[in-house]
Amino acid sequence: MRELVLLCPGSLAEPLSDGLLESGALSVSVEDADLDTDEEQPLFGEPGSEPNTQAWARNRLVVLLADGTDPEQLLASAREDLDTETVLPWHLRQVPDADWVRLTQSQFGPISVGNHILIVPSWHADQMPATPEAGRIAIQLDPGLAFGTGSHPTTHLCLEWLADELPAGATVLDYGCGSGILAIAAKMLGASSVTGVDIDEQAVQATAANALANQTEVNAQLPEGLREGQFDVVVANILSNPLKVLAPMLSTRVRSGGSLVLSGVLERQALEVAEAYAPWLPMTVWQSRDGWVCLAGRKP
């Protein structure tokens with residue numbers, strides 16, 4: 001894979017970036033060409049607002065190219081609608097082959113969630129405790145290409161609910177299971193049976209593999225494989241819009257007297273999500289963290 005690196009003035013940085021993306025660039029990043037020199041010019045804006053100036057005097061555009069892309073043709077196409085004859089120096093450079101997902105994930109070390117859960121990424125397996133402390137579980141996790149390293153506040157909120165509120169021997173449905181972290185935690189915290197569902201085949205595979213690595217049993221499957229039936233606890237850590245769409249289905253999956261736990265919801269979205277579930281069960285904010293909330297409710 002290759003990158004096209006070119007220099008351009010501030011007036012062209014944004015329109016040229018848009019043109020490159022529209023012409024087929026995989027990504028474009030804009031950098032200060034004078035970074036770490038005496039000519040460096042920091043950009044400032046008021047808190048909560050964007051800077052008045054969107055680019056520097058001299059900008060370096062780093063453009064990721066798809067295999068087979070002609071850089072000259074790409075640049076010519078991107079400049080078609082720009083009213084300028086400015087000469088833009090550019091060159092190509094190779095991007096070393098790497099597993100970028102793994103490199104990104106390797107930034108995460110072991111994570112403690114409350115007093116009861118320790119998450120140990122597979123790349124730190126040497127830090128997995130042979131015998132966890134009393135009242136504490138340790139989960140070895142390899143997300144693969146699925147969502148869920150255990151670092152996000154919404155994941156923490158759901159894990160803490162499970163650690164504090166999960167009834168012993170409960171049946172659990174984790175809808176949108178991702179890496180399987182919530183499903184595995186539920187099983188290790190005392191659930192009698194756990195089902196993990198995700199629309200992404202890679203997530204289903206990651207959940208099954210992580211359950212096996214932790215010597216736990218989780219029934220991981222795609223939505224079409226989910227049989228009829230209800231659960232003592234249904235947990236879904238997704239996003240507010242899909243949670244609202246899924247309200248009828250998720251609500252009917254909770255047995256009478258059972259609990260529904262939702263996260264992936266911003267504080268400002270909590271009321272509208274709760275209103276979507278109101279015909280079936282009352283939802284309230286259980287806890288909040290860093291602008292995110294965990295909603296929980298018990299079905300009458």
TODO: Would you check if there is a residue in region 245-259 being in contact with a Ser or Thr (Cβ under 7 Å, 6 or more places away or on another chain) and either within 24 Å of HIS152 (Cα to Cα) or not assigned by TED's automatic domain parsing to the domain that holds HIS156 (or both)?
DONE: no
TODO: Check whether at least one residue in region 198-218 is in contact with a strand residue (DSSP E or B) (Cβ under 7 Å, 6 or more places away or on another chain), assigned to a strand (DSSP E or B) and either surrounded by fewer than 16 Cβ atoms within 10 Å (Cβ to Cβ) or in contact (Cβ under 8 Å) with a residue 24 or more places away in the chain (or both), and report yes or no.
DONE: no
TODO: Being modelled with pLDDT under 85 and not acidic (Asp, Glu) narrows it down to one of HIS124, HIS156, so name that one.
DONE: HIS124
Open item on the list: Within region 34-47, does at least one residue satisfy the condition of being modelled with pLDDT of 90 or more and surrounded by 15 or more Cβ atoms within 10 Å (Cβ to Cβ)?
Closed with: no
Open item on the list: Suppose we filter region 209-227 for residues that are under 16 Å from ALA191 (Cβ atoms) and of a type outside the set (Gly, Ala, Ser); how many remain?
Closed with: 7
Open item on the list: I'd like to verify a number: residues in region 134-147 that are on the phi < 0 side of the Ramachandran plot and either of a type in the set (Phe, Trp, Tyr) or modelled with pLDDT under 80 (or both), how many?
Closed with: 4
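The values are calculated or read from the model by the stated rules, or taken from the named source; none is laboratory data. As the structure is a computational prediction, the values presented were derived from the model and not from experiment. All Cβ positions, glycine included, derive from the backbone under ideal geometry; neighbour counts span all protein chains shown.
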